[in-house]
Amino acid sequence: ASAVVMWSSDKDEFSIRGAAIVRGLRTLKAAVEIIVDYKLNVPKGSHDSEEYKTALAACHRRTANTLLQLCRIQSGVYIKAGQHISSMRPFIPAEITDALMCLCDDAPQSSLSDVSKVLHQEFGREMDDIFEWFDPVPLGCASLAQVIS
């Protein structure tokens, strides 16, 4: 895979483009690992054999672990996608849906510095200038947002 990073005088734009490339490469790496794992470790032949079923279940577990790590590292829309995949049990193997189910109630929280940066970008003021009091521990976290008081 190749990528072009265009320099911009806007430091944030450069950071966003670089982050997008890194995120894309992480996703590509995970996809290649999963494909190669299935190709190399799931035996050809009868789908009814115990060897096939055992190897396939083990491969599903490794896939689930790879996807879960990817969703947690990438966060945001990846967590939302993982939550959606976890609800597709009739179509997605149970090993995968079970592993991704934790994304439904255990989303990562944003750091206080990230929250402060967003508030400054949106309002042009520091957090202390906007709020009299701010609890750094969120009341709840979801895939795309968190609730703070």
statement: Net charge near LEU68 (other residues with Cβ under 12 Å of its Cβ; Lys, Arg +1; Asp, Glu -1) is 0
statement: Nearest-0.05 FRET efficiency for VAL118 and ARG89 at R0 = 35 Å, using Cβ-Cβ distance, is 0.50
message: Applying a 10 Å radius around every beta-carbon, put 124-130, 99-105 in order of their mean neighbour count, most first.
response: 99-105, 124-130
query: If the cut-off is 13 Å between C-alpha atoms, which aspartates and glutamates fall inside it for LYS80, apart from same-chain ones fewer than 8 positions away?
result: ASP105, ASP106
task: Could you check the simple spin-label distance between ARG62 and LYS80, using points 7 Å along Cα→Cβ, in nm with one decimal?
output: 3.2 nm
message: What does the net charge come to around TYR78 if you take all other residues with beta carbon closer than 13 Å to its beta carbon, with K and R at +1 and D and E at -1?
response: +4
- request: Heads up, I need the accessible area for ASP114: 1.4 angstrom probe, whole protein in place, Å², nearest 10.
  value: 80 Å²
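The values are calculated or read from the model by the stated rules, or taken from the named source; none is laboratory data. All values derive from a computational prediction rather than experimental measurement. Every residue, glycine as well, gets a Cβ built from its backbone with ideal geometry; the counts of neighbours run over all protein chains shown. For the accessible areas, the whole protein counts, side chains as well, though only heavy atoms, and no ligand, DNA or RNA atoms are used. Shrake-Rupley method; radii C 1.70, N 1.55, O 1.52, S 1.80 Å.
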